[in-house]
Amino acid sequence: IIIDRNGESELIKIDLQEEEPMKLVKVKDPSTSRIYFLRVPLNMKTCKQAVAWTFSLNESEYDPVKET
């Protein structure tokens, strides 16, 4: 189930039978064009929040334009 989309990123929830569901954020590496799926906590609601979490930031701190 796609929860959120932001550009090429997607936040995806996968319901697993007899196990806890999982959430993944799909991201594209701009330097290689490779696609990655990163597992994130179930409480993530947006792509930006999920990607920020992978950098140990909250959504308001994460600003990829500023970072580059």
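Given DSSP loops and a limit of at most 14 other Cβ atoms within 10 Å, what is the longest stretch of the chain that contains no such trypsin sites (Lys or Arg not before Pro)?
Formally, the longest exposed-site-free interval is 1-33.
Label points 7 Å out from Cα along the Cβ direction at Tyr36 and Leu57: separation in nm?
In this crude label model, Tyr36 to Leu57 measures out at 1.5 nm.
For the chain, with every protein chain kept in place, what is the accessible area per residue (1.4 Å probe, Å²)?
I get 76 Å² per residue for this part.
What GluC sites (Glu not before Pro) does region 25-68 have in DSSP loop regions with at most 16 other beta carbons within 10 Å?
Glu59, Glu61
Given that compact globular proteins tend to follow 2.2 N^0.38 Å, what is the ratio of the alpha-carbon Rg of the chain to that value?
Output field value: 1.13.
Which whole-number percent is the relative contact order of the chain (Cα, under 8 Å, 6+ apart)?
24
If you roll a 1.4 Å probe over region 4-52 with all protein chains in place, what percent of the accessible area is carbon or sulfur?
47
The values are calculated or read from the model by the stated rules, or taken from the named source; none is laboratory data. This structure is a prediction, so every number in the text was calculated from the model and none was measured. In this analysis, Cβ positions are derived from the backbone assuming ideal geometry, glycine residues included, and neighbour counts consider all displayed protein chains. All accessible areas refer to the heavy atoms of the entire protein, side chains included, with ligands and DNA or RNA removed. Shrake-Rupley method; radii C 1.70, N 1.55, O 1.52, S 1.80 Å.
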